[in-house]
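Report on one structure; see the data block that follows.
The values are calculated or read from the model by the stated rules, or taken from the named source; none is laboratory data. Every value quoted in this text rests on a predicted model; they were computed, and no experiment measured them. Positions of Cβ are backbone-derived with ideal geometry, glycine not excepted, and every protein chain shown enters the neighbour counts. Accessible surface areas use protein heavy atoms only, side chains included; no ligands, DNA or RNA. Shrake-Rupley method; radii C 1.70, N 1.55, O 1.52, S 1.80 Å.
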Amino acid sequence: MELIFKKKILLGVTGGIAAYKSAELIRLLIKAGAEVRVVMTPAAREFVQPLTYQALSGHKVYTDVFDAEAESAMDHIELARWADLMIVAPASANFIAKLLDGYADNLLLTLCLASKQAVAIAPAMNQQMYLNQATQDNIHRLKSRGVKIWGPAQGEQACGDVGPGRMLEPEALLGLIEGRFSPGKLSGKKVLITAGPTHEAIDPVRYIGNRSTGRMGYALAREAFDAGAEVTLVSGPVSLDSPAGVDRISVTSALEMHDAVLSQVSGADLFIACAAVADYRVTVVAPQKIKKSAKNIQLELTPNPDILSAVTRLENKPFTLGFAAETEKLEQNAADKLKRKNLDMIAANQVGGGQTGFESDTNELLVLWPGGKQMLSLNHKNEIAKQLIDLLADHYNALE
Ligand code: CTP
């Protein structure tokens, strides 16, 4: 209970029958010592009167972007800054879609846009609406941006349907809110991560690249942030949203990635090299587009610097996790790289087809460290990232 004592919680309520449960959530939060301010969307007011929440929170409920009285107490930007945590419960399908697209046509959406931190949402809707591909895609993308998705629960719904879509019970939400304030395993630590492929220019329109999507590295960045770390992500060209709270530096080539990493590494406690860095670059990049001809042409390639080895050669090297993408002899090659690159840990994955590695949503990793190993068996990359950050943090903290 101590965890949320005096913490400032901004509770957003959208239109849904579960809005009545938010009253109980406010009561529990207040009982635990939190300060609560409530923001309601116009649709929420069709279900519950603001007075109910006002009586429970002890403060005027915010409902309107252009409410002169409320604005004079605390304007909407101030309100977004005030909150230690923003949670939207219940979050309707409509709200979720608008949040994803950056709408600001009501006070709650405006606050979400104005907030630096990731919000948490507790979806509540009819099971068919929840299962609709549009809602599923929206939730998936919000998750990848770092929005916490709490629930929904399964069960009987107000409309008579049975399925997923019930808002989590207030006690469960309270537990999750408390969890956000418990110090993570990497609390106060600085983590530098590389992710994605690199593109090595051939001429102004062509490049040599690889099939890395960056998903694993981005998931690790999110999980490290969630574990309390300050995270810098040096990313090659990918089409992924930046995780909330994470500092992203975008680069294109291996040389750019090398320079960005070396400029950021001092002060980093941990370094995770997840990028699929091109081993070679084109020696002479053509200044103009290379024209087609009937003759064979040759590209001369120059080795790129090994970023990971450059980091582990540093005098004050951070605790380092490398990756090994292998098509054969997984354990043997990874154990070799662990030694050769002077790493603290290595995560080896099988690439080149199947359900692991590049372009796949799932992965399986064999993690090795001097004197030990652990298998993280086939799972969604987000779950694998969580397990890997956990393992990494345990090993790092054991040294401290
Ligand atoms: N790596 C790096 N800089 C490079 C190449 C690789 O930092 N120029 C890092 C990767 O991010 C990964 C690890 O080194 O953490 C191993 O990458 P991998 O491609 O599996 O190994 P290589 O060292 O390139 O060896 P090989 O291609 O011969 O297997």
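Checking 323, 358 one by one, the residue that is within 24 Å of residue 200 (Cβ to Cβ), in a strand (DSSP E or B) and in the same structural domain as residue 390 (by TED's automatic domain parsing) is 323 and no other. Of all residues in the stretch 193-216, which are in a strand (DSSP E or B) and open to solvent by 20 Å² or more (accessible area, probe 1.4 Å)? Scanning the stretch 193-216 gives 201, 202, 206, 207, 208. Among the residues examined, residue 105 does not qualify as under 22 Å from the mean Cα position of the chain (by Cα), farther than 23 Å from residue 162 by Cα and of a type in the set (Asp, Glu). Whenever a residue of the stretch 91-109 is not assigned by TED's automatic domain parsing to the domain that holds residue 80, it has no partner that is of a type in the set (Lys, Arg) lying with C-beta atoms less than 7 angstrom away and at least six residues away or across chains. With respect to residue 366, is the statement that it is under 28 Å from residue 141 (Cβ atoms) and either within 14 Å of the ligand (Cβ to nearest atom) or among the aromatic types (Phe, Trp, Tyr) (or both) true? No; evaluated as a whole, the condition is false for this residue. Could you go through the stretch 284-299 and let me know if any residue there is under 18 Å from residue 235 (Cα atoms) and more than 8 Å from the ligand (Cβ to nearest atom). Scanning the stretch 284-299, I find no residue that is under 18 Å from residue 235 (Cα atoms) and more than 8 Å from the ligand (Cβ to nearest atom), so the answer is no. If only residues of the stretch 100-115 that are farther than 23 Å from residue 140 by Cβ and not in a helix (DSSP H, G or I) are counted, the one that is least open to solvent (accessible area, probe 1.4 Å) is 106. You will find that of 347, 324, the residue that is open to solvent by less than 20 Å² (accessible area, probe 1.4 Å), under 16 Å from residue 193 (Cβ atoms) and of a type in the set (Gly, Ala, Ser) is 347 and no other.
Here residue 317 does not fit the description of being farther than 16 Å from residue 220 by Cα, over 22 Å from the mean Cα position of the chain (by Cα), basic (Lys, Arg) and away from the ligand (no atom under 16 Å from the Cβ). Among the candidates 163, 155, the residue that is farther than 14 Å from residue 90 by Cβ, of a type outside the set (Phe, Trp, Tyr), touching a residue at least 12 places away in the same chain (Cβ under 8 Å) and not in a loop (DSSP other than H, G, I, E, B) is uniquely 163.
A search for C-beta distances below 7 Å between a residue of the stretch 221-246 that is closer than 19 Å to residue 387 by Cβ and in the same structural domain as residue 200 (by TED's automatic domain parsing) and any residue that is among the hydroxyl-bearing types (Ser, Thr, Tyr) and open to solvent by less than 30 Å² (accessible area, probe 1.4 Å), counting only pairs 6+ apart in sequence or on different chains, returns 243/218.
Among the residues of the stretch 264-300, those that are outside any loop (DSSP other than H, G, I, E, B) and open to solvent by less than 80 Å² (accessible area, probe 1.4 Å) comprise 264, 270, 271, 272, 273, 276, 281, 282.
Only helices (runs of 4 or more DSSP H) whose full extent lies in the stretch 1-76 are considered here, and the ones with at least 2 residues that are open to solvent by less than 20 Å² (accessible area, probe 1.4 Å) are 19-31, 50-57. For the stretch 243-278, a residue qualifies if it is out of contact with any strand residue (DSSP E or B) (no Cβ under 7 Å at 6 or more places or on another chain) and within 16 Å of residue 222 (Cβ to Cβ), and the qualifying residues are 243, 244, 245.
Checking each residue of the stretch 181-192 against the condition of being over 26 Å from residue 83 (Cα atoms) and open to solvent by less than 40 Å² (accessible area, probe 1.4 Å) gives at least one match.
Count of the stretch 258-280 residues, restricted to those that are over 17 Å from residue 326 (Cα atoms) and near the ligand (Cβ under 10 Å from one of its atoms), is 5. Among the residues of the stretch 282-305, the one identified as in contact with a strand residue (DSSP E or B) (Cβ under 6 Å, 6 or more places away or on another chain) and within 18 Å of residue 195 (Cα to Cα) is 304.
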